[in-house]
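Structure, as structure tokens:
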Amino acid sequence: MSQREANDTKHSFLILGANSFSGASFVRHLRKKNCTVIATSRSKQPDHAFVPYLWDKNGQDIIFERLDLNSEDDSLENILDKYTPTHVVNFAAQSMVGESWLHPQAWMRTNVYSTVRLHETLRNYKNLRKYVQVTTPEVYGSTEGWVSEHRNFNPSTPYAVSRA
């Protein structure tokens, strides 16, 4: 996102997976840029100690909506209609690499199937200016040192496959 986009208060951001470490940190960054932010997560909003965007007093104006992308297509559409965000950033994912070996179908449901449904909803959403899909370094497999984003994917766990 360019500095101009972040500073343009006409933009509003829908952040999916805002309770994740990365998602919560990105929400905090956007609030420091005085952007309007609608934060969503499948889980309830946790105690402020665990969510960086609530650490600052200006974080109190974050709009939080609970949303499970696995089962609440109507809720997603209602959020889009109600707040009309111009930018959507998707941090939402089923993580926990080790557990993905036990029930890989749950990871595929959340990280693949629900993401496809999200994309279908956004494809028909008229106010969207930019969409960003966030993934994980796990998609590159075992590596050493810095990895270029242009490197071929080499996932080695069900979690990494579902995020690739």
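The values are calculated or read from the model by the stated rules, or taken from the named source; none is laboratory data. Everything quoted here is computed from the prediction, not taken from an experiment. All Cβ positions, glycine included, derive from the backbone under ideal geometry; neighbour counts span all protein chains shown. Just the protein is used for accessible areas: all its heavy atoms, side chains included, with ligands, DNA and RNA removed. Shrake-Rupley method; radii C 1.70, N 1.55, O 1.52, S 1.80 Å.
A Förster radius of 35 Å combined with the Cβ-Cβ distance from TRP101 to GLU149 puts the calculated FRET efficiency at roughly 0.85.
Computed over protein heavy atoms with a 1.4 angstrom probe, the accessible surface ordering of PHE26, PHE13, largest first, is PHE26, PHE13. The ratio of the alpha-carbon radius of gyration of segment 93-156 to the globular-protein estimate 2.2 N^0.38 Å is 1.36. Computed from backbone phi, the HN-Hα couplings of segment 66-81 come to 6, 8, 9, 5, 6, 9, 10, 4, 5, 5, 4, 4, 5, 5, 4, 5 Hz, rounded to whole numbers (Karplus: 6.51 cos²θ - 1.76 cosθ + 1.60, θ = phi - 60°; Gly and Pro given as x).
Each residue, ARG117 and LYS130, gets one label point 7 Å from its Cα in the Cβ direction; the gap between the two is 2.8 nm.
When the chymotrypsin sites (Phe, Trp or Tyr not before Pro) in segment 79-150 are filtered for DSSP coil states and for at most 14 other beta-carbon atoms within 10 Å of their beta-carbon, the remaining sites are TRP146.
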